[in-house]
Structures are given as C-alpha cells and as structure tokens.
1. Looking at SER468, SER503 in this structure, which one is part of a strand (DSSP E or B), modelled with pLDDT of 90 or more and in the same structural domain as PHE423 (by TED's automatic domain parsing)?
2. Of all residues being touching a residue at least 12 places away in the same chain (Cβ under 8 Å), among the hydroxyl-bearing types (Ser, Thr, Tyr) and not in a strand (DSSP E or B) in the stretch 259-292, which is least open to solvent (accessible area, probe 1.4 Å)? Just the residue, please.
3. So, in the stretch 137-167, of the ones that are under 13 Å from TYR105 (Cα atoms) and of a type in the set (Ser, Thr, Tyr), which residue ends up nearest to the ligand (Cβ to nearest atom)?
4. Which condition number does SER218 fail, the rest of (1) among the polar types (S, T, N, Q); (2) assigned to a loop (DSSP other than H, G, I, E, B); (3) within 16 Å of the ligand (Cβ to nearest atom) being met?
5. Just checking, does the stretch 226-236 include any residue being charged (D, E, K, R), under 29 Å from HIS305 (Cβ atoms) and either free of Cβ contacts under 8 Å to residues at least 12 places away in the same chain or more than 16 Å from the ligand (Cβ to nearest atom) (or both)?
6. What's the number of the only condition in (1) over 23 Å from GLU43 (Cβ atoms); (2) of a type in the set (Phe, Trp, Tyr); (3) away from the ligand (no atom under 16 Å from the Cβ) that TYR266 fails to meet?
7. Evaluate the following for VAL295: is it among the aliphatic types (A, V, I, L, M), within 16 Å of the ligand (Cβ to nearest atom) and surrounded by 22 or more Cβ atoms within 10 Å (Cβ to Cβ)?
8. What's the number of the only condition in (1) in contact with a Leu (Cβ under 7 Å, 6 or more places away or on another chain); (2) modelled with pLDDT under 95 that CYS513 fails to meet?
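The values are calculated or read from the model by the stated rules, or taken from the named source; none is laboratory data. Everything numeric here is computed off the predicted structure, so don't read it as measured data. Because the Cβ atoms are built from the backbone with ideal geometry, glycine has one as well, and the counts that use them run over all protein chains shown. Keep in mind that these areas ignore ligands, DNA and RNA; they rest on the heavy atoms of the full protein, side chains included. Shrake-Rupley method; radii C 1.70, N 1.55, O 1.52, S 1.80 Å.
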Amino acid sequence: MKHIKIFDTTLRDGQQCPGAGMSYTKNIEYAQLASKINIDILEAGFPSASAEDYKIVNHIAKMYGQQIHSPKVAALSQLRADQVKQTIKALEPLIPSGRAILHLYLPVAPELMKASLGSYANDQTQILLDIANMIHMAVSAGLAVEFSPEAYSQMGENFDFTTEVISTAIAAGAATINCPDTIGRSCYLEGDDYFVNHMNEHAAIMKRRFPNKEITWSVHCHNDFGLALDNSMRAVFQGPATQVEGCFNGIGERAGNVALEQCIMYLKTFGEQHKSQAFTSQCRTQHIRQISDFVDAHMLPRQPHWPISGDNAAKHSSGGHTNAILKNAHVYQPFKPSDVGKQISFVFGPLSGSNHAQSIIQKHGYICDHNERQPIMQFIKDFHCNRRKGLTDEEFMQAYFAYRAPIRVSAIDFEKINNERHFTMQASVFDDHQQIDFICQDSDTATTALHRYLTENFVPFNIQSYRSESKEPGRHAEAHATISIASNNEFFQGKAHDRDIESAALKALVDACNQLLIEQHYAVQIDQPSFAAVGLRD
Ligand SMILES: CC(C)[C@@](O)(CC(=O)O)C(=O)O
C-alpha cells in the first residue's frame, strides 16, 4: 500500500481568501489540531508577509519542535534572497529534526509570468540561476525544499522552459515538485494538454535525468469548476503524485482549494481497495469532524450539506430513509459516520414517519405503543404544522406532552354563592369528559382551591412558586403564568397564558399537574437510548 502524503495549507492558502483570516492564537490552536489528525506537512504561513506571520510560523515551529512526532512544517517564499533567509530563520527550531521545508514558487504560465514578474520574466537564464541559488541556500541550512511552478496547468507553450525550471530545482536539491492548478481550470477532457498528462511527462523526463533521485510529485488544485477533487485524485491514480495539497473544508482563494477531508476519505474508500495500486493516507480520520468544525467556526462558514463533514452529512429526516436506517444504519450512509467523528442523527420533519416518532419518544424514556405511533405522529405534526424545516427533540417532546395531557381544560367559569366563589372547569380527564367543581373558602385564592382539588382527586403535590407577568405593554396584554410544583423530589414547571390573570394561573397549575401525571403514567425506565440497539452509533 502506497502512502499518500497530505500537505495541509489551510493556514497559508486557506487564510489567503477573504474572510478566513484568524488571530495569532487561533493559528496556533489550528496547528495543534492538524498534529492530532496527523497530516504529513503543515504549511504554517508566509513568514515574509508581515512580522505577525513570521511570529506565527516561528511559534508553530517551536511548538512542534518540542513534540517527538509532529507534522513537518512548510513556509512559503518567493524567489528572493531576503525572503528565503527570513523563512529559514522562522523554521529554525525544526531544522535539527529534519522537519523544516522551504516552499519556493515561481510562475511558469506565459501570461502570469509577464503580469507578475515584469521584465524579469524575459531573463530565463537569470531565473534559473536564482532558483539554483535560493535552493542551495536553504539546503545548506538544513531545510528540505518544495518547488512549485505556479500555474503549472496553464504552462501552454512554456513546457520546455518548465522542464528546465524543474530540472534546475531538482539539481539544486529540491525533493518535492508541486504542480498547481492555480486557477482551477483543468479538466481531464483537455487530453494532451491536461496537466496530469504533463506531470507524467515531466516525471518520466526527470527519472531519465536524475535516475538516482527520489522525487516526490505533488498536486495542488483549486476548485473553480468544482473539479479540484477529481483533478487531485487523477494526479494520484493516473499520474505520479504521492502528495496532495489542500485545505480543510475546501477554503482558499476564490472557489477554494481541494477539500482535504474529501481527499482523505476518497483515498480511504477507493484507494485502499484499488486493484492495481492501493493508496492510503496516514490521517486519523476520526478527528475530521473536529478540525472541520474549527474551520467552520473560526475561518469560513461551512454549508450544511457539505460532503463528508457537513451538519447534514449524517442527519436524516424523511420517513422512508429513517425507517430503513432504524433497521440497518448503513443503507443510507455511504461510509460510517464514526469514521469521521460523527454520529447518525434524525430530524423530525413533515415527511418523517411513525417509526421515527416512536424512536424519539422511547429515546426520551416515554411510552409509545405500536398502535399509538400513527395518531401520536399525526398529532405532533399538526401541533407544529408551521415548522416545515423540522423539529428539535425538545419541540417534539413538548407536542408529545400536549398529546398525553391527562387533564384538558376547555372552559373556566365562576359564580358567587353566599360569598363563596364556586369554580367550574369543563375538562376531559384521561379522555373522559368531566366537570371539575371547586370552591374558594375563606381567604382561598382560586389557585389554592384548585390545588386542594387536584391533590385530593388525582395526585398529591406541593406548590413551590408562582409567578405571573405580562410580556407586552398595555391594557390588553395577556398574563403569562409559571407555577413550579414538587412531588417526591421531582419538580415540574407548568406554564400558561390567558387574558384573565386568574385563568392563566389555573391553567399553569393544570399544566404542571399534567406533567406529574404523565411522568407517573407514561414514563419508562431505560438505561440506554433505543438508538444503540439498532447500531446507529457505528
Ligand atoms: C504556491 C502555489 C502553490 C500557489 O498557492 C500560489 C498562489 O496562488 O498563491 C498556487 O495555488 O499556485
């Protein structure tokens, strides 16, 4: 099995894109995560860009230098002696352990050469001399060198010049040649012009010119046509590449760089089984979720349906899918979510089914018998009929409690007879229509009277606190009542609102009492959520 090196440029090319820049400390935290997931090389930055960038690269080099094992660290430099010196200095702590890499680049596409190098572009002899000198400088300081012919995929008429550039770099001591599709405009349909074919040609030429040198070919793709993953993997499976450069979550200039988590899972899924030549990376894939969440939180937001690590990548909602998954977790998952540190989860939405409803209720420890599944599910959907995007478990269970509510009040009236207030509540109690009558004696409030009635007729409990407030200003504001009750060291909070402050309090008390009754009649003791039984944690 051939090992494909993962070169992570999230901190360098990733932070080059608008909006992705991170603070000093977040750069360091990222480097710690990159080490945990075990990428091969971290490109930590561009030390000559600013004093801050220098300090970040140097800090990471020191930090990794104290670890016995760490990724190697690369830092970018243009073809300028002052920049090369600065880069060597920044990476110094990693030189003794052979983990420092100078990443040198120079454009080779004709248009880009003119636009970025000016008249220097015409002096090819000087360019080749400078490449040799800069690489010598780094190699003699003890660094490894990666050389990138920038815009390699657009080299066009400059094929022979590019051959000389690469040749010069290798002769001077560069161990890695990285071929970028800088503008993300490559596609295998280009035929002979396709950059992977050029990589094969160049690899063959260099093999002839340097038969005893072990060169690492690397690929660096941008995603402007959504082809970065395809191009990167073709460079591995149909080309000479044994190193892939990219960024987690595919961040990077314009449409981004290739997404490393996609490359890593591609290699794991298709590479390890590949018939003629098997490939793999050494990454600990179970940490993908963590590093991807970090990039999402501190660099650029990740879309929910992002491949591999997106929030929806292991989330299911529709009835058909969840129903089948509850029986066999793998029928609607192309890989085990736990391989990337995720778990299957379900969102209850308008298209969800009754098996799913039952599983949520049971997971929370309440009864839902087989023949109740359908009516309960229908009630919950109707209860939240405006929530077309799906429910949280909390909202779902709120509707379940409303379905179960043993006492449902439809009307409250009172009249005064001989200075006593007589209340009547029209209610159904466990589906039986009843009239609840209670009387306020002496200084009783209506709530006290109802409490006495409920305690004597249904279940004993104490009232712990009562609060009433209006949420809006004005005379027509509704009263919002909250009542907390306790029974056998269990606590329940009832809530209700009504135009009439007394009715709000009475309904809140019924709500709290209902929760207590539901607990007594419909709760089951379970140790494990029912999920585990069907293997969803795998
Ligand atoms: C340094 C090189 C690999 C580069 O990242 C350069 C760049 O565009 O910054 C590219 O994509 O070609």
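1. SER468
2. This residue is SER292.
3. SER148
4. (2)
5. For the stretch 226-236, residues charged (D, E, K, R), under 29 Å from HIS305 (Cβ atoms) and either free of Cβ contacts under 8 Å to residues at least 12 places away in the same chain or more than 16 Å from the ligand (Cβ to nearest atom) (or both): present.
6. Result: TYR266 passes all but (1).
7. Judged against the criteria, VAL295 is not a match.
8. Every listed condition holds for CYS513 apart from (2).
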